[in-house]
């Protein structure tokens, strides 16, 4: 109590402390300074708690044909970004969906199957796709199979505006490539055209 009394007498000239009178402009400036300080403090706290955001992938980091060996489009692989489940198309059976976002230009999976230079005999109930320029045929798998791509399981649509991936070939192999950014959980849809021959037995 004695120390408090000494402080008041020394700093405030006794207990009779007069309130400092301020102009409206000064009061407004003080309030603005207080609000600004509170805002900056809140912003700094929020920034420290902000979850880590993955940097957007550059074009040079896109998935390429060479990356197919990493298992991105291989069923059963730990790096696989695809899965097979019931299609969003009525009576479409099972379709192929992406588990994470992919970008336009990314290679998604391979059209796995047995390659044949001529039309395979006898034909079976699996999908058979013809490579452009009479490059042979690939007898695709009919259901998801470990260590194989999902290409033959992707459903076909009639409208070009609905498709989000397309076939591209390299030598005796066929791949699926995204033609637009595709969100996670979206079904892959394509059309068979531009030199690609498809026959469902």
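Bear in mind that the values in this text are calculations on the coordinates, not laboratory data. Because the structure is a prediction, the values reported are computed rather than measured.
Quote to one decimal, in nm, the extra length available between residue 121 and residue 170 on full extension: 0.36 nm per residue of separation minus the C-alpha distance between them. Could the numbers behind the result be given before it?
Values: separation 49, 0.36 × 49 = 17.64 nm, distance 2.41 nm.
Extra length from residue 121 to residue 170 when fully extended: 15.2 nm.
Length gain on complete extension for the stretch residue 79 to residue 179, per 0.36 nm per residue less the alpha carbon to alpha carbon distance? Before the final figure, lay out the partial values.
Details: separation 100, 0.36 × 100 = 36.00 nm, distance 2.14 nm.
Value of the extension gain: 33.9 nm.
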